[in-house]
Structures are given as structure tokens and as C-alpha cells.
1. Using only Cα atoms, find the angle between the long axis of helix 484-509 and the longest principal axis of the chain, and express it within 0 to 90 degrees, rounded to the nearest 10.
2. Please return the longest range in the chain lying between exposed loop sites, taking chymotrypsin sites (Phe, Trp or Tyr not before Pro), DSSP loop only, at most 15 other beta-carbon atoms within 10 Å, and leaving the sites out.
3. Round to the nearest 10 and give me the degree value, 0 to 90, for the angle of helix 409-441's Cα axis relative to the longest principal axis of the chain.
4. Excluding the sites themselves, what is the longest stretch of the chain that contains no GluC sites (Glu not before Pro) in a DSSP loop with at most 15 other C-beta atoms within 10 Å?
5. What is the helix-to-structure angle for 375-392, meaning the angle in degrees between its Cα long axis and the longest Cα principal axis of the chain, kept from 0 to 90 and rounded to the nearest 10?
6. I'd like the carbon and sulfur percentage of the solvent accessible area for the chain, probe radius 1.4 Å, heavy atoms only, ligands and nucleic acids excluded.
7. Calculate the length of the line joining the C-alpha centroid of segment 176-249 to that of segment 375-438, in whole Å.
8. Would you mind working out the accessible area per residue for the chain, using a 1.4 Å probe, and quoting it in Å²?
Amino acid sequence: MVSAFFKNRRVYLLTTVAYMGSLLFGYDTGVMGSVLALKAFKQDFGLPTDSSGFASSKNADVSSNVVSLLTAGCFFGAIAASFLNERFGRRYSLMGFAVIFLIGAAVQTGAHHEIGMIYAGRVIAGLGIGGMSSITPVFVSENCPPERRGRIAGLFQEFLVIGSTFAYWLDYGVSLHIPVSTKQWRVPVAIQLIPGGVMLIGLFFLKESPRWLMKNNRHTEAAESLAHIRCATTDDEEVIRELAEIRAAIEEELNATEGVTWKECLLPGNRYRFITGFCLMFWQQFSGTNSIGYYAPQIFQTVGVAKSSASLFATGVYGTVKVITTGIFLIVGIDRFGRKKSLMAGALWMATMMFIIGGVLATHPPNTKSTNVSSASIAMVAMIYLYVIGYSASWGPVPWVYLSEIFPTRLRAYGVGMGAATQWLFNFVITRITPEAVNHIGWKTFLMFGIFCLAMGIFAFFFIKETKGRTLEDMDILFGAVSAEQRAQDVERSLAVEKKAGAIQLEEAEPKH
């Protein structure tokens with residue numbers, strides 16, 4: 001295992017830098033949900049300070065706006081990234097979106113008594129985060145070896161939950177140790193500038209994706225990039241073989257559509273992939289996870305953890321459970337159990353927990369005036385933790401991995417961009433309706449998410465194809481875009497071209513006597 005890690009050390013380094021964008025995604029979503037519960041924030045922006053959860057309609061409205069405006073910005077950022085990603089490459093596009101995010105974070109940090117500045121900063125930061133969410137899975141998956149791709153690409157979710165959990169605990173810390181003042185909420189909002197800066201600087205030291213370079217006929221650079229990320233030389237047998245597979249797949253795509261990209265989307269094998277990707281990200285949002293993730297302190301108050309600091313502590317524990325479970329699943333689960341089984345088992349587990357929470361909340365509603373946490377409230381908090389264990393070992397990391405690996409090279413940026421935009425669109429819908437749903441239908445909100453989770457499991461059973469252990473180029477065979485025999489012939493032909501090109505380069509490099 002140590003030798004495998006050492007051989008892939010540059011892949012892990014690239015992943016760490018690129019997934020700073022995912023960490024920011026998690027941090028920015030986690031930080032504001034908890035900041036909204038701080039008394040200092042309510043005072044600075046003229047909100048009622050004597051109500052908890054979503055009991056105040058004004059607080060519910062501002063909470064909904066602050067959270068949903070980020071996701072609206074993310075939606076448009078993800079769409080724009082699909083095209084910029086193809087035009088300028090993965091690396092330069094990420095740099096641009098990192099700068100946009102830093103501007104948005106600075107606007108939020110500098111906001112003073114004017115909620116409109118917070119709203120504007122959220123939209124700008126959202127454009128940056130949405131763009132990153134569309135590009136980073138592509139950038140990482142295109143550099144991963146197939147046998148480790150599930151684990152490495154799945155780190156997208158691990159970085160995301162690390163970011164949100166750090167935000168949760170930071171907000172809990174400032175609520176205890178920083179007196180009620182403007183500094184109490186400004187510190188957690190400002191800290192997001194640090195990972196954003198680290199990401200921007202780190203991108204200067206990375207190489208462009210070999211698959212994007214090959215698609216743009218920059219074959220020599222593609223060979224150098226792939227050899228660098230594999231810690232090998234350009235004449236290494238495995239590097240030459242992988243380049244041949246990439247070249248063969250790209251040529252097949254071009255031949256099938258005479259180079260017209262939109263025609264490729266309509267081919268049966270690709271059409272199935274686009275529809276599956278859309279549905280996967282749609283269902284991920286309707287699992288209920290982001291309702292808890294964005295509004296965790298208020299949700300815990302809803303189920304009976306009324307004191308602000310206690311709900312922030314419960315939120316911190318919730319995030320920690322996500323980090324640990326996601327890490328364990330990526331190490332031992334995703335490349336062992338595969339994508340399909342994980343999605344089905346996770347959906348059933350989550351549905352069960354949501355039904356139990358809804359049932360307990362209906363029969364044992366919390367007493368908002370009580371200073372003690374009832375046994376029913378403790379049970380519901382435990383169920384929320386058990387729910388997130390199921391999510392973190394299935395619908396958290398798996399959709400992002402699946403989305404980043406199923407599309408052909410020429411369509412991968414568009415496919416992942418479509419999936420990311422879908423995620424943000426329905427993320428926006430969920431964040432808009434959650435405060436109102438909890439406010440108006442209470443326990444039935446959890447029942448609704450339980451039914452959605454059951455539907456997700458049925459979808460996974462009938463429509464998800466298993467992809468573990470396959471190369472990115474194998475996906476065309478799996479989805480019926482090309483036959484195995486045709487691919488073998490094309491690879492052999494491309495292999496001959498790659499070896500001939502390598503021999504010419506070697507000959508030119510030899511000193512003339």
C-alpha cells in the first residue's frame with residue numbers, strides 16, 4: 001500500500017490542491033448555516049435575537065436567502081465552467097474561478113450592517129465554487145490510475161465534509177470564546193480566504209490534464225504530463241499503452257460524429273450517460289442531506305436541542321461523523337463494494353432513519369420552553385447521526401466519482417458540468433424550501449425525504465452500471481458506444497503510432513557523430 005501511495009504521490013498532490021475547491025464548497029456551506037445562528041450576526045444585521053431555529057419568519061427568510069444565493073451563483077458558475085474548461089483547459093479555468101471566489105469571500109468579510117453586501121458576496125463566491133465543482137472532478141479523474149480512481153476521485157466528498165466540519169467547530173468555538181461582537185461572525189467568514197489562496201498558488205505548480213492535451217492535438221505535452229503524474233518516463237511501456245488508449249478513444253469519438261460535439265451527446269451510449277448523470281445528482285439533493293448540512297444548528301433546535309451553543313456542538317459532532325465515515329468508506333469501501341451496491345444500500349439505510357426521525361418527532365414533539373433535552377430528542381439526534389453515516393458511505397462520495405468517470409474525453413467537461421449544474425439547481429430548490437417546510441409541515445419534512453430516499457434506491461437498482469476497476473476509456477464499451485473488438489483494434493493501431501513517435505523522438509535526441 002505504501003509503494004502504491006508513493007508511485008501515485010503526484011496524483012495525491014494534484015488532488016489535494018484541486019480539491020481545495022471542494023473544501024471551500026464545504027466550508028462556505030457550513031459556515032453560514034452556523035453564522036446565522038450567532039447572536040452577533042443577528043444584531044449586526046437587524047434580525048430578531050430572541051428566537052431559535054426557524055421560529056421567526058424574518059430569520060427563516062434571511063437564512064433562506066443567504067444560503068440559496070450561494071447555490072444560485074454556483075449553478076451559473078458550473079454552467080460557465082463547462083465551456084471555459086474545454087476552451088482553456090482544467091488548470092487555467094480553475095485559477096480563474098479561484099480568483100472569483102476570493103473576491104466574493106472578501107466582499108462577505110467586509111460587509112457591515114447591510115445584508116445586501118452579504119447577498120452580493122454569496123453570489124460572487126458561488127460563481128467561483130460552482131466553477132470549481134464542475135472542473136475539479138474532471139481534472140482529478142483524468143489523472144487517476146483506474147485501480148485507485150474511486151478512492152482518489154471520492155476525496156472530493158472527503159474534502160467537502162472536512163471543510164463543512166471545520167466551519168461547524170469554528171463557529172462553535174467563536175460562540176464560546178469570542179464575546180458577542182462583529183468579530184464573532186467576521187472571523188469564521190474571513191478564514192475561507194486561506195484555502196482559496198493556497199489553491200490559487202498551488203495550481204501554478206501543477207501540469208495540465210494529459211487527456212485534455214491529447215484532445216487538443218498536443219501529443220508531446222500529453223505524453224510529458226502523463227509520464228510526470230505517473231512518476232515515469234515518456235518511453236515507459238505503461239505510459240505508452242495508456243496514451244494509445246486515450247488516442248484511440250478520442251479518434252473513435254471524432255469518427256462517429258465528424259468532430260461535431262453536440263452530435264456525440266445524442267448518440268445512444270452518451271445519451272444514457274447524460275440522463276443517468278442528471279438523475280444521480282437530482283436524487284443526491286433530494287436525500288435531505290443538504291437540508292441538514294446547511295441548516296444543522298436550526299434542525300437540531302427543531303428536534304429539541306434548543307440552546308444555541310448546544311445545537312452548534314451537536315452540529316460539530318454531525319460533521320465529524322461525516323468526515324470519519326467518508327474517509328473509512330473511501331479507504332475500504334468504494335473500490336471493494338463498487339458504486340451500484342453502495343448506492344442501493346445507502347438509500348435504504350437513509351430512508352429508514354428519516355422515517356424514524358419523522359415518527360418520533362410526530363409522537364414526541366420537543367417542548368421549546370424546557371431547559372433539558374428529552375430522551376426523544378436525544379434519539380432523534382442519534383438517528384440524524386446514523387442517517388449521515390449511511391449518506392457518507394454512499395450518496396455523498398459515489399455520485400461525484402461516477403459522474404467524473406462515465407463520460408468520454410471529448411464530453412467529460414460538459415457531462416460533469418451538467419451534473420454539477422443539476423446538483424446546484426436542486427440544491428437551490430432544497431435550500432429555499434427547507435426553512436418553510438420545517439416551519440409549516442414539521443415532522444412530515446422528514447417523511448418526505450424518507451420517501452425520496454426509497455425512490456433513489458430503486459433508481460440505482462435499475463439504471464446504474466457498475467464502473468469499479470475500469471479505465472476511463474473502458475466506459476465507452478460499458479455503455480455500448482463501441483464494441484470491445486473495435487476498441488482493441490483501435491488501441492493496437494494507436495499503440496503502433498505512439499511507439500513510432502517515441503522512436504523518432506529518441507532518434508532525434510541521439511547526438512549526431
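The values are calculated or read from the model by the stated rules, or taken from the named source; none is laboratory data. Since the structure is predicted, the reported quantities are computational estimates derived from the model, not experimental observations. Every residue, glycine as well, gets a Cβ built from its backbone with ideal geometry; the counts of neighbours run over all protein chains shown. These accessible areas exclude ligands, DNA and RNA; they are computed on the full protein's heavy atoms, side chains included. Shrake-Rupley method; radii C 1.70, N 1.55, O 1.52, S 1.80 Å.
1. Taking Cα atoms only, the helix is inclined about 70 degrees.
2. Formally, the longest exposed-site-free interval is 206-513.
3. Orientation of helix 409-441: about 10 degrees from the principal axis.
4. 259-465
5. Relative to the chain, helix 375-392 is tipped by roughly 10 degrees.
6. The value for the chain is 66 percent carbon and sulfur by accessible area.
7. 24 Å
8. Value for the chain: 39 Å² per residue.
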